[in-house]
Amino acid sequence: MRLPAGVGGLLPALTLIGLFFVVPVLALLLRSVTDPAPGLQNYAALLGDGTYARVFFNTFLVAFVVTIVTVLVAFPVAWMLAIMPPALASILFGIIILSMWTNLLTRTYAWMVLLQRTGVINRALIATGITDQPLPLINNLTGVTIGMVYIMLPFMILPLVGTLRAIDPMTLRAAALCGASPLAAFRRILLPLSLPGIAAGGLMVFVMSLGYFVTPALLGGTSNMMLAEMIAQMIQSLLNWGLGSAAAFILLVVTMALYALQLRLVGSKRAAGGA
Amino acid sequence: MKLIFAGILAGLIATTAAKAGEMVFTSWGGTTQEAQTKSWAEPFTASAGVKVLQDGPTDYGKLKAMVDAKNVTWDVVDVEMDFAIKAAKDGLLEPIDFAVVPKDDLDPRFSNEHAIGSFYYSFVLAWNKGAVPGEPAGWADMFDTKKFPGKRTFYKWSAPGVIEIALLADGVPADKLYPLDLDRAFKKLDTIKSDIVWWGGGAESQQLIASGEAAFGQLWNGRVFALEKDGADVGVSWNQNLTAADVLVVPKGAKNKDAAMKFLAAASSPTGQAKFAEASGYAPINTKAKAEMPADVVKGLPDAHVDGQINLDMNYWAEHRDEIATRWYAWQAK
């Protein structure tokens, strides 16, 4: 069989992709319908059980909340980085990247110490009289959100800065000259022009959040357990690989569907990070 | 296809394959594995001439993947007893060669055809003295939020322990625990659910108690032992302490089976057990070990607290693990 021109050179790359991505996903799918017996009983168990439904719901809820908060926090930071002198910006970039390189478990434990009832934040709040009861900042959605937003921020800031830098500052000046208030200029010019960056970063944060494990396990409570933790239990402790595979496969399919939906809404070029 | 999948997994895992004259020992890492290396592996290498490579942490999924793929790189693995019982039934383990491993002095509670006790521990009630008014006397106090307000911490996973504690606190006599009355246990747990903070690993349990984040909780006695050694202000009640064992197993198809059996013999010997107990605060499973240990160490071990001691029924758990887990996670997620 003759390969179309140009495909021959891609063979090594395609083989690698096939070996490391396609084969494991197919194996996952196969296991989910053959273990312990052939059939769809694993999917029936997952979809028919309220507990699993709740865990699925939690997973998407946490990912959604984390994405929204990350965008809100990242935007001003990215804007600042985009307009400040390049020398200063590169120092700040360095700091942001450095935090990404610090061990994840260490950072999560640090948040535990900060957020718990006897932690630094609560003690400061009580000492200053702002509150007389410790606030519940950990073992719940608040704790997971704070910890995950912190970890996800670089993934949002980096694509956003790229987009914001590409915006011609003259457009904002022109808006001001035409009498637009800063808010109107933001809403009608900056925000629409930065949407591709928000979409690219948001998608990345959302998809990464869906599979997150360490941070929700340590900062969350059992009532907002996420799917990754449940799958780890099924695979490692209960050795129920069929069920774990089915759960992982459902998560994968839903994630891909969301990605496809976004491609359609935002346009493929933009979702992939191009401005 | 299943084989291909498992093969890929095992290939990725197979980082510590042993050569001839070597074997691989896998445990949970941290201070436990350090003590096992010092007390068992190093003397074994000196006497038998077999180098013992260390790997870890123990991962039941990996163990199963290795056996399924027929590419087993672990020779001896430290696992929990209920897992060992289920794994033996699923054909994942080699039978113990009792011609090599003498079993006469081994505590029969903690060994069977496919597993030799590694050590045994107790779940005890531990508290932060600064955070608790008075002294909790037993499990019932962990459910008494009037007398003892504040957060309490329990082991997060579906494993032997919490269900039994709830039933004991509700007045079930120790000898009537099994079969577990799950309805009754969860009803009892409902009464304090909003006051529970869960710990997922030993370090987390220590952090919660030492910081006072949880006033008291269910801890492994070795973790309390370590807290006390570090000078933390903790109290402990051995009342109705619940024992469970870790065991050493040989995965089916282990490449260095002979060396593995000899290693088991050394690890379960009175000397090996005595040394490990001294280093870890966990109890020996060889009944002759105590004679080789300093009296003040023996005093702090679970087997100095056999009055009212309760053995968690690992056979029951091995059989009902799945159905309990389903209820457990459903209740937790509610």
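The values are calculated or read from the model by the stated rules, or taken from the named source; none is laboratory data. Since the model is a prediction, treat every value here as computed from it, not as a measurement. Glycine gets a Cβ as well: all are built from the backbone with ideal geometry, and neighbour counts include every protein chain shown. Ligands, DNA and RNA are stripped out before the accessible areas are found, and what is left, the full protein with its side chains, is counted by its heavy atoms. Shrake-Rupley method; radii C 1.70, N 1.55, O 1.52, S 1.80 Å.
Results, tabulated for the structure shown:
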read-out	value
Count of residues meeting criterion [surrounded by 15 or more Cβ atoms within 10 Å (Cβ to Cβ) and not aliphatic (A, V, I, L, M)] in segment A:73-86	2
Residue under evaluation B:Trp317, criteria (1) more than 28 Å from A:Thr222 (Cα to Cα); (2) buried (at least 19 other Cβ atoms within 10 Å of the Cβ), criterion not met	(1)
Count of residues meeting criterion [in contact with a Ser or Thr (Cβ under 8 Å, 6 or more places away or on another chain) and more than 11 Å from chain A (Cβ to nearest Cβ)] in segment B:298-334	6
Candidate set from segment A:100-138 (those that are open to solvent by less than 50 Å² (accessible area, probe 1.4 Å), more than 23 Å from A:Met152 (Cβ to Cβ) and not in a helix (DSSP H, G or I)); member that is modelled with the lowest pLDDT	A:Thr118
Extreme residue, nearest to the chain's Cα centre (by Cα), among residues of segment A:159-176 that are open to solvent by 30 Å² or more (accessible area, probe 1.4 Å) and without any contact (Cβ under 8 Å) to a residue 60 or more places away in the chain	A:Asp168
A:Tyr150 being within 14 Å of another protein chain (Cβ to nearest Cβ) and part of a helix (DSSP H, G or I)	no
Count of residues meeting criterion [open to solvent by 50 Å² or more (accessible area, probe 1.4 Å), within 14 Å of another protein chain (Cβ to nearest Cβ) and among the basic types (Lys, Arg)] in segment B:145-178	1
Residues of segment A:180-222 satisfying the condition of being in a helix (DSSP H, G or I), within 14 Å of another protein chain (Cβ to nearest Cβ) and touching a residue at least 12 places away in the same chain (Cβ under 8 Å)	A:Val214, A:Thr215, A:Pro216, A:Ala217, A:Leu218, A:Leu219
Search result, residues across segment B:159-213 that are assigned to a loop (DSSP other than H, G, I, E, B) and under 18 Å from B:Thr145 (Cα atoms)	B:Asp170, B:Gly171, B:Thr191, B:Ile192, B:Gly212, B:Glu213
Leading residue by the ranking (least open to solvent (accessible area, probe 1.4 Å)) among those in segment A:11-49 that are more than 8 Å from chain B (Cβ to nearest Cβ) and of a type in the set (Gly, Ala, Ser)	A:Ser32
Verdict on B:Phe123 being at pLDDT 95 or above, open to solvent by less than 50 Å² (accessible area, probe 1.4 Å) and over 30 Å from B:Ala274 (Cβ atoms)	no
Leading residue by the ranking (surrounded by the most Cβ atoms within 10 Å (Cβ to Cβ)) among those in segment A:50-72 that are out of contact with any Phe, Trp or Tyr (no Cβ under 9 Å at 6 or more places or on another chain) and closer than 13 Å to A:Ile157 by Cβ	A:Val71
Pair list, Cβ < 9 Å and 6+ apart or interchain, from segment A:223-249 residues that are more than 7 Å from every other protein chain (Cβ to nearest Cβ) and assigned to a helix (DSSP H, G or I) to residues that are open to solvent by 20 Å² or more (accessible area, probe 1.4 Å) and among the basic types (Lys, Arg)	A:Trp241/B:Lys64
